[in-house]
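Each remark here refers to the structure printed beneath this line.
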Amino acid sequence: GIRVDGVMAFDVNFAKLLLDATGEVYLPDYKETVSAENVFEKTQSYSQEHFFPGSKEKKNFLGALVKEVIVRIGNGDFSSNLLIIALEKGLKEKHVLFTFFDPSLNAVVRVNNWSGELSYDNVKGVTAGWEETINDFLAVREANVGVNKANAFMKRSLFHVVSIDTGGIRGEVKIVYENTSREESKVEGTYKNYLRVYIPKHATFTGLTIDGNEVETIQAELNPQVYEKKGFFEKLSGKLEVEDVKEREFSVIGFLLQVPIQLQKTVAISYHLPVTFPINKEVLYNLSLSKQPGTEADPYVLSLVHPKTFDVKSEEGVTIQEGTLIFSSNVATDKSFSARIRKRD
């Protein structure tokens, strides 16, 4: 029944950044002194203590912590330089998000990409002035549906192969997961991940492999009156349900992927982007990569593969091999990559 002005979402990384600015704080309700050095340990402790499905221990602890930090800031007891660094880094790396009911405030949030909203808007400035442009897009979004904290123990690496030919662009997004959960922990376990990959709206999903094996897929049934009927899952005949839908300016590929304790799992999603390359005319290829809020600086490698009849150049600090431009980075923040492509006679 309380009307709020807006919503702030944050993770433990942002709490650590704030504590760098304010110094340690004491939480009377928990009888704990929390600092930047021990905040991860303390948060993990309250995640595991009295854990049960739907437990709010972690959220309650972090909420109490940030309230004390805000009191400290309100009293002027903080380093202004470190607070500016905390806000800048937290917003840029999506460790803190905001949304407001006031339209003018929310406009500021959206234009600065502080809400976590998926948008193509940041591509427009890059492609301005180019008559011929190809806008590619990639966002990987995960949801832990396993009623545990396994996502905190996941390591992931992204490998993105973009192959250029006369038929357009063929992309493959490969994600390597490693579940470092421990057998004896009650809050860790199998990572049950509803994985969604966002690509451009006019791109077509063409295939899926898991651990190098091609997976037979079927369009996911979204009507509960159908999938809740007895015998529905038997009719799938071992096929993996994949949600292949259009959402605003994106195509979304979604499916359930499970990564057991102490194991690796590699999933690769393929797509086709139908574009044409005019002969002897330079085209700008621009890829916009969106980071998922709350994740770490996961490694990312882009390989831009092209035949000998194409000239491909980039100023993004790439490594050049025969027929391939390789861009190595991470997903600490949103990234963009551009290359100039010319098809010869």
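The values are calculated or read from the model by the stated rules, or taken from the named source; none is laboratory data. These numbers come from a predicted model, not from an experiment. Quick reminder, even Gly has a Cβ in these numbers, built from the backbone with ideal geometry, and neighbours come from all protein chains shown. Just so you know, the surface numbers come from the protein's heavy atoms only, side chains and all, with ligands and any DNA or RNA stripped out. Shrake-Rupley method; radii C 1.70, N 1.55, O 1.52, S 1.80 Å.
Would you pick out the residues in the stretch 271-305 that are among the hydroxyl-bearing types (Ser, Thr, Tyr) and farther than 30 Å from Met154 by Cβ?
Answer for the stretch 271-305, where residues must be among the hydroxyl-bearing types (Ser, Thr, Tyr) and farther than 30 Å from Met154 by Cβ: Thr276, Tyr285.
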Looking only at strands (runs of 3 or more DSSP E) that fall completely inside the stretch 239-310, which ones have 3 or more residues that are under 17 Å from the mean Cα position of the chain (by Cα)? 250-259, 264-273, 283-290, 299-305
For the list (1) exposed (fewer than 15 other Cβ atoms within 10 Å of the Cβ); (2) closer than 21 Å to Phe137 by Cα; (3) among the β-branched types (Val, Ile, Thr), I need the number of the one condition that Ile218 fails. (2)
I'd like to check something: does the stretch 14-29 contain any residue that is surrounded by fewer than 19 Cβ atoms within 10 Å (Cβ to Cβ), on the phi > 0 side of the Ramachandran plot and at pLDDT 90 or above? yes
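Report yes if Ile169 is surrounded by fewer than 16 Cβ atoms within 10 Å (Cβ to Cβ), assigned to a strand (DSSP E or B) and out of contact with any Cys (no Cβ under 6 Å at 6 or more places or on another chain), otherwise no.
Working: surrounded by fewer than 16 Cβ atoms within 10 Å (Cβ to Cβ): no; assigned to a strand (DSSP E or B): yes; out of contact with any Cys (no Cβ under 6 Å at 6 or more places or on another chain): yes.
Taking the combined requirement at face value, the residue does not satisfy it.
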Return the residue satisfying two criteria in turn: it lies in the stretch 71-99 and is part of a helix (DSSP H, G or I) and within 10 Å of Leu17 (Cβ to Cβ), and of such residues it is most open to solvent (accessible area, probe 1.4 Å). Glu88
Single condition Ser104 does not satisfy, out of (1) in a helix (DSSP H, G or I); (2) hydroxyl-bearing (Ser, Thr, Tyr); (3) open to solvent by 30 Å² or more (accessible area, probe 1.4 Å); (4) at pLDDT below 90: (4)
